Structures are given as C-alpha cells and as structure tokens.
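S.K.: Supplied in structure tokens, the structure appears directly below.
What follows draws every value from the coordinates through simple rules; no lab data is involved. All of these numbers come straight from a predicted model, not from anything done at the bench. Reconstructed Cβ throughout: ideal geometry from the backbone, glycine too, with neighbour counts over all protein chains shown.
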Amino acid sequence: MVDKTAAELLQRYSGDELAMDAMLRLSLDKSMVNASLAEWITAIEAMKIKLQIDVDTQNMKDLQNDLSNLQTEAQKISDDQNYKISIGVELDEDDYGALIKNM
C-alpha cells in the first residue's frame, strides 16, 4: 500500500472498526500491493460486508445458546414445581419467583 493511499484510507475509515479489520486483512493479500485507492475502497467495502455477516452469525449463535439455556432452566423449574405438586406440596412465592427471575 502506498503511503498516500494508506493515509487516505486511514482518514476515510477512522473509527470504523470493521473497515480497519478489513484493511489489515487485505494488506496481507499480495494482490493488493499495487492496488489503487478505488480498488482498496471497493475491496474494503466488500470485506466489511463479509466481516459483518461473520459478526452477525456469531451473535445469532450466542443468542441461540442463551435462549437454549433459558429454556433448559425454565424446564428444570417447571419439573421441580410439578414434583412438588405431585407429592402434595403447595407452591409458594419462591417457586413462582424462580420462573419470573429466569425470564
């Protein structure tokens, strides 16, 4: 990357974490050595989309895990309540509070 091109890119994408990540990754690509400013911008914008998709995909996986954990915990609480009912124990505020707290 030519110094002038690098300076222009750094100024243009200052504060854009995805763009900075894209620039770092693209700087390792030998085909970008003699790329023009326009080629860099095009490549950065394309890479930003890919990186954002990767971030969004990871966020969805994390959300899926969180929801699964909540569902598992809610099922355990429900099973405990059903057991108490089956042996004739009345449910109290703490039993219902556990469900509410789990939400």
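S.K.: Could you grab me the full set of residues in region 29-52 that are over 20 Å from the mean Cα position of the chain (by Cα) and loosely packed, with under 13 Cβ neighbours inside 10 Å?
M.R.: Correct list: ASP29, LYS30, SER31, VAL33, ASN34, SER36, ALA38, THR42.
S.K.: Going residue by residue through region 24-32, is there one that turns out to be touching an Asp or Glu at 6+ places or on another chain (Cβ under 8 Å), assigned to a helix (DSSP H, G or I) and of a type outside the set (Phe, Trp, Tyr)? Let's see the steps before the verdict.
M.R.: Applying the first criterion (touching an Asp or Glu at 6+ places or on another chain (Cβ under 8 Å)) to region 24-32 yields 32.
Then drop every residue that is not assigned to a helix (DSSP H, G or I), which leaves 32.
Add one more test, that the residue is of a type outside the set (Phe, Trp, Tyr), and what stays is 32.
Checking region 24-32: at least one residue is touching an Asp or Glu at 6+ places or on another chain (Cβ under 8 Å), assigned to a helix (DSSP H, G or I) and of a type outside the set (Phe, Trp, Tyr).
S.K.: Another question about this same structure. Could you tell me which of the residues LEU18, LEU26, LEU67 is at negative phi, surrounded by fewer than 13 Cβ atoms within 10 Å (Cβ to Cβ) and of a type in the set (A, V, I, L, M)?
M.R.: Details: LEU18 fails: surrounded by fewer than 13 Cβ atoms within 10 Å (Cβ to Cβ); LEU26 fails: surrounded by fewer than 13 Cβ atoms within 10 Å (Cβ to Cβ).
Unique residue meeting the criteria: LEU67.
S.K.: Has region 83-96 got at least one residue that is under 23 Å from ASP16 (Cα atoms), part of a helix (DSSP H, G or I) and among the small types (Gly, Ala, Ser)?
M.R.: No: region 83-96 contains no residue that is under 23 Å from ASP16 (Cα atoms), part of a helix (DSSP H, G or I) and among the small types (Gly, Ala, Ser).
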